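In what follows, a structure is listed as structure tokens, so that the remarks can point back to it.
The values are calculated or read from the model by the stated rules, or taken from the named source; none is laboratory data. Just so it is clear, the structure is predicted and the values come from calculations on it, not from any experiment. Reconstructed Cβ throughout: ideal geometry from the backbone, glycine too, with neighbour counts over all protein chains shown. In case anyone asks, the SASA skips ligands and DNA or RNA and just uses the protein heavy atoms, side chains included. Shrake-Rupley method; radii C 1.70, N 1.55, O 1.52, S 1.80 Å.
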Amino acid sequence: MSRSSFIAGAAGVVLEPTSSRDAVVEALKNLHAGGSTAGAQGIQLAYNVARRNFSENGINRVILATDGDFNVGLTDNQALINLVERQRDDGITLTTLGFGSGNYNEAMMEQIADHGNGNYAYIDSPHEAQKVLDEEMDSTLFTIAHDVKIQVEFNPAFVSEYRLIGYENRALREEDFDNDAVDAGEIGAGHQVTALYEIVPAGGRGWLPGRRYEANRRPDGGGVDNGELAFLRLRYKLPGEQESRLIEQPIGANLVASARPPQGDSAFAAAVAGYGQLLRGDTNMGNFSFADARRLAEPTAGGNYWRREFVRLTELAERQRFASADDRRK
């Protein structure tokens, strides 16, 4: 393990590669923030160190801890993305850890982690650091599937409209699903990925207005009533492979017919998704509120620290909304 640091606009190696935990701790104690940030220079130096110590059968990853406010040298997001993509293709991945506030550049931090086949996390407390750097580190570092792509095709016989909640910055063109040259996401050991779709059953009232001209209208019952609500396709590459594998699975329409209000993990996932959409100002949320998100999440929280933290966030958001409304009335 090695550490490079940004010191007053310059990059330098603080500790040469070592397996000594004590040496790493002592080196970290001597790091201090200050001055400007030559981010790209520090990233390139870290990649150079990783390349010199590259292990064919090991984990080769750069971990970048910063506020992302690069103000010296290369600062263009696209240029930084090109830099990490070149290293990614050679087997060196990138994880970004965000710290600080105010001038914090989250968009850049998330983008370069995505293009570096790594992950991004924001560290706002010792608890979060413990979770990301200890409890979740193994699943983060050990990748079990590369370029994972998910495609869902809905049957218009049962679904008239649909939308994917979130993932806007990870959307693929339809023609790229079968193209193994197109980069996609990575899945670590023990990771779970949840994709939430909001659907409008055929015949129900959706978000889109009616069309005047018949040729522009959505067909009523235009699909085949074969009992399939949708068809799921999943592509992934095993580590070291260049050709993807395909899993296909129909989704029965009876799942919607027998659906009940969400419970357990599903209720918590729905609460978090709704909370996020409210923060984004989603105009299709109807009367759903932060209080509704809290009512979904609370029964699932129990003694789980992180779920309790989420419930607390819904309370803070609700108070902030009421405070903002009061300010507008003054």
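The figures follow:
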| quantity | calculated |
| --- | --- |
| Condition check for Thr75: modelled with pLDDT under 90 and open to solvent by 50 Å² or more (accessible area, probe 1.4 Å) | yes |
| Of residues in the stretch 156-171 being among the hydrophobic types (A, V, I, L, M, F, W, C) and farther than 14 Å from Phe231 by Cα, the one surrounded by the fewest Cβ atoms within 10 Å (Cβ to Cβ) | Ala171 |
| Matching option when the condition is charged (D, E, K, R), open to solvent by 60 Å² or more (accessible area, probe 1.4 Å), touching a residue at least 12 places away in the same chain (Cβ under 8 Å) and more than 30 Å from Thr93 (Cβ to Cβ), among Glu174, Glu214, Glu198 | Glu198 |
| Count - residues of the stretch 174-214 that are in a loop (DSSP other than H, G, I, E, B), among the hydroxyl-bearing types (Ser, Thr, Tyr) and under 26 Å from Ala267 (Cα atoms) | 1 |
| Some residue of the stretch 279-299 being of a type in the set (A, V, I, L, M, F, W, C), under 18 Å from Tyr167 (Cβ atoms) and without any contact (Cβ under 8 Å) to a residue 40 or more places away in the chain | yes |
| Number of positions in the stretch 264-280 that are surrounded by 13 or more Cβ atoms within 10 Å (Cβ to Cβ) and not hydrophobic (A, V, I, L, M, F, W, C) | 5 |
| Wholly enclosed helices (runs of 4 or more DSSP H) of the stretch 52-170 bearing at least 2 residues within 25 Å of Ala271 (Cα to Cα) | 106-115, 126-130, 137-141 |
| Filtered residues of the stretch 254-275 (kept if farther than 18 Å from Ala301 by Cα and either of a type outside the set (A, V, I, L, M, F, W, C) or in a helix (DSSP H, G or I) (or both)) | Asn254, Leu255, Val256, Ala257, Ser258, Arg260 |
| Residue match in the stretch 96-106 (condition: modelled with pLDDT under 85, in contact with a Gly (Cβ under 9 Å, 6 or more places away or on another chain) and surrounded by 18 or more Cβ atoms within 10 Å (Cβ to Cβ)) | yes |
| Single residue of the stretch 235-258 satisfying the filter (open to solvent by less than 80 Å² (accessible area, probe 1.4 Å) and charged (D, E, K, R)) that is farthest from Val193 (Cα to Cα) | Glu241 |
| Residue match in the stretch 146-165 (condition: more than 30 Å from Asn254 (Cα to Cα) and modelled with pLDDT of 85 or more) | yes |
| Failed item, numbered, when Glu153 is tested on (1) within 30 Å of Ala202 (Cα to Cα); (2) out of contact with any Asp or Glu (no Cβ under 8 Å at 6 or more places or on another chain); (3) open to solvent by less than 40 Å² (accessible area, probe 1.4 Å) | (3) |
| Evaluation of Thr194 against (1) modelled with pLDDT of 90 or more; (2) within 15 Å of the chain's Cα centre (by Cα) (one fails), failing number | (1) |
| Which numbered condition Ile112 fails, given (1) out of contact with any Asp or Glu (no Cβ under 8 Å at 6 or more places or on another chain); (2) over 19 Å from Gly42 (Cα atoms); (3) open to solvent by less than 50 Å² (accessible area, probe 1.4 Å) | (2) |
| Yes/no for His127 being closer than 27 Å to Gln78 by Cα, open to solvent by 40 Å² or more (accessible area, probe 1.4 Å), in contact (Cβ under 8 Å) with a residue 40 or more places away in the chain and not acidic (Asp, Glu) | no |
| Tally, over the stretch 83-126, of residues that are within 20 Å of the chain's Cα centre (by Cα) and over 23 Å from Asn57 (Cβ atoms) | 25 |
